[in-house]
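The values are calculated or read from the model by the stated rules, or taken from the named source; none is laboratory data. Because the structure is predicted, anything quoted here is derived from the model rather than measured. Here the Cβ is made from the backbone with ideal geometry for all residues, glycine too, and neighbour counts use every protein chain on show. Keep in mind that these areas ignore ligands, DNA and RNA; they rest on the heavy atoms of the full protein, side chains included. Shrake-Rupley method; radii C 1.70, N 1.55, O 1.52, S 1.80 Å.
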Amino acid sequence: MTDKGEKLFSYIVLAMPAVLIYFAVVAFPTVFSVLLSFTDYNGGKIFGNPDIQFVGLKSYIWMFTEPTGNFYTSLKNNMLIVGVSVFGQIPLGFILAYVLSRKLITRGNKVFQTMIYLPNIISPIIIGVLFRAFIISPHSVYMEIVRLFNPNAEFAIGTRPMVPVLFVILWMFTGFYMIIFLAHMQRIDPCIIEAARIDGAKESKILRHIILPSMTGEIVTCAILAISGSLRTFDLIYGMTSGGPAGQTKVLSLFMYESAFQGAANYPLANAISTVMVLISIALILITRQVGKSFNRGEA
């Protein structure tokens, strides 16, 4: 066997375990999920459905036309979460990272950084349950304190029940993007910034002409992470509101979970929802990448 043949064989042997795991854990379940969305599968023989029939787009049509509008409510809430993540967490995380990297806070820098990142080490389901118990529940600690001053006070989540959820999401994940931006800002050569300051550049000029252009790739990467994470949001909302009140805080992942595991199981519908989630995620990510490329060309 030649040297090239030996190298190719060694590459195949080394890569094979990872490839097999990928196909078993990611590729096969994804393809199988898409195929199930076109059938009437409801659990197989044990649930009295021995034969699987191909029904085409029946689940997709029902999902888009069902009278309760769960899909559109869930999609709207997911888009709100995407908006808060991309236009809230990322800019705020960038600003906090800039403040820390430029040492604009002279004292308590490490403590401030730790406190901002701290929510990321706590499980989202725990945070959701804690916020429900202490703030948003009718019998929460907050409401008990309010009733000490006004015994007749009643809990009212208002006409915008997603606002508390969006606030918690903003608070919880901003630190994650702050750490990413901070790590890359610390890699920028200090000599470049110092030279700009000697030439009379102010902080705004340094931010616009040095920091931002060097962080374009990281911003696009964070936007992709924010989009994919926002569409998979489940545990925080499940622990915090369980989709209530009256389904107003339901998201696509929760809608999928309820379709598959609550009441009369509808596995094709659940798989159709997951397929739509993947397609939306891919579309938003492609748009984000295109915007990042356009920005790079504009800078050039």
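Quick rundown of the values:
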| quantity | calculated |
| --- | --- |
| Long-range tail of P(r) for the chain (Cα pairs > 23 Å, %) | 68 |
| Solvent-accessible area per residue, Å², over segment 205-300 with all protein chains present [probe radius 1.4 Å] | 47 |
| Expected 222 nm ellipticity per residue - DSSP helices of 4 or more, -39500 (n - 2.57), all of the chain, to 500 | -20000 deg cm²/dmol |
| Per residue solvent-accessible surface (Å²) - segment 1-44, probe of 1.4 Å | 78 |
| Estimated dipole of the chain in Debye, rounded to 20 [Cβ of Lys and Arg +1, of Asp and Glu -1, Cα centre] | 720 |
| Segment 49-190 shape via C-alpha gyration tensor axes, a/c threshold 1.5 | oblate |
| Solvent-accessible surface (1.4 angstrom probe) belonging to residue 142, in square angstrom, nearest 10 | 120 |
| Length-normalised contact order of the chain in % [C-alpha pairs under 8 Å, at least 6 apart] | 28 |
| Sulfur and carbon atoms: percent of accessible area, the chain [1.4 Å] | 68 |
| Most positive-pole-ward Cα, 209, 247, 180, against dipole of the chain from beta carbon charges | 209 |
| Cα-derived Rg to Rh of segment 1-112, Kirkwood definition | 1.24 |
| Three-way shape call for segment 177-280 based on the alpha-carbon gyration tensor, with the a/c threshold at 1.5 | prolate |
| Interchain or long-range residues, amide H under 5 Å from residue 39's placed H | 55 |
| Residue-count net charge about residue 68 - beta-carbon cut-off 13 Å; Lys, Arg +1, Asp, Glu -1 | -1 |
| By average C-beta atoms within 10 angstrom, highest first, the peptides 273-279, 247-253, 261-267, 17-23 | 247-253, 273-279, 261-267, 17-23 |
| Top positive-direction residue, dipole computed over segment 196-300 with Cβ charges, set 219, 267, 233 | 219 |
| Approximate shape of segment 52-116 as ellipsoid semi-axes (Cα gyration tensor, √5λ), whole Å, largest first | 47, 12, 9 |
| Accessible area per residue, Å², segment 83-189 with all protein chains present, probe 1.4 Å | 60 |
| Axial C-alpha extent at least 24 Å, average Kyte-Doolittle at least -1.0 - helices from the chain (DSSP) | 3-22, 162-185, 267-299 |
